[in-house]
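All remarks here apply to the structure that follows.
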């Protein structure tokens, strides 16, 4: 979470939606800070509940594979509750059953609303539309600085080959457990076939 009392702004950082890059950029705004509770805190302080609150969403196909890849994929074979997650298919079943364990998995959710809960959201910016989305966000929030954010590269880059990991069966399972995000944020059910679902392809993120 990033909170600015001066700007009356709250950002809820959902993992694998450019949350680290957004935190790094937003912390440079006037009065912005990360409250106690960490990067992905979702409990908005009582004295900030009427502030402009937003988060980022991401297409569930690359988002869920990115989470799997960075926590359990490649060389990282961690225990998920009583389930040994050794494949993306097993990860999806553990996620659906709520048995992902450890600091990386126990609080992870399949949908945006699963993270944000009852918090009021004034806006949701799609990861794939970040450049244009931040401009629209600045206008809606009345905070011009949001339109000029420079996002550094952050997080795990192991999931760039996510399209090759999918087949029809895996895509159907992701759609089933994250259907709310597809419907609420307008993601195409067949978009698992599309390799260009990232603003990285357009040079939006900066640095190495």
Starting from residues that are under 15 Å from residue 174 (Cα atoms) and touching a residue at least 40 places away in the same chain (Cβ under 8 Å), keep the ones in the stretch 94-113 and report whichever is surrounded by the fewest Cβ atoms within 10 Å (Cβ to Cβ). 96
Residue list for the stretch 110-129, filter: within 12 Å of residue 180 (Cα to Cα) and part of a loop (DSSP other than H, G, I, E, B): 110, 111
Hits in the stretch 35-52 - residues which are crowded, with 17+ Cβ neighbours inside 10 Å and under 15 Å from residue 6 (Cα atoms): 48, 51, 52
Starting from residues that are touching a residue at least 40 places away in the same chain (Cβ under 8 Å) and surrounded by fewer than 16 Cβ atoms within 10 Å (Cβ to Cβ), keep the ones in the stretch 115-128 and report whichever is farthest from residue 93 (Cα to Cα). 122
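Computed from the coordinates by the stated procedures, all read-outs in this text should not be read as laboratory data. The shown structure was predicted, so the numbers you read here are calculated from the model rather than taken from an experiment. Every residue, glycine among them, receives a Cβ derived from its backbone with ideal geometry; neighbour counts consider all protein chains shown.
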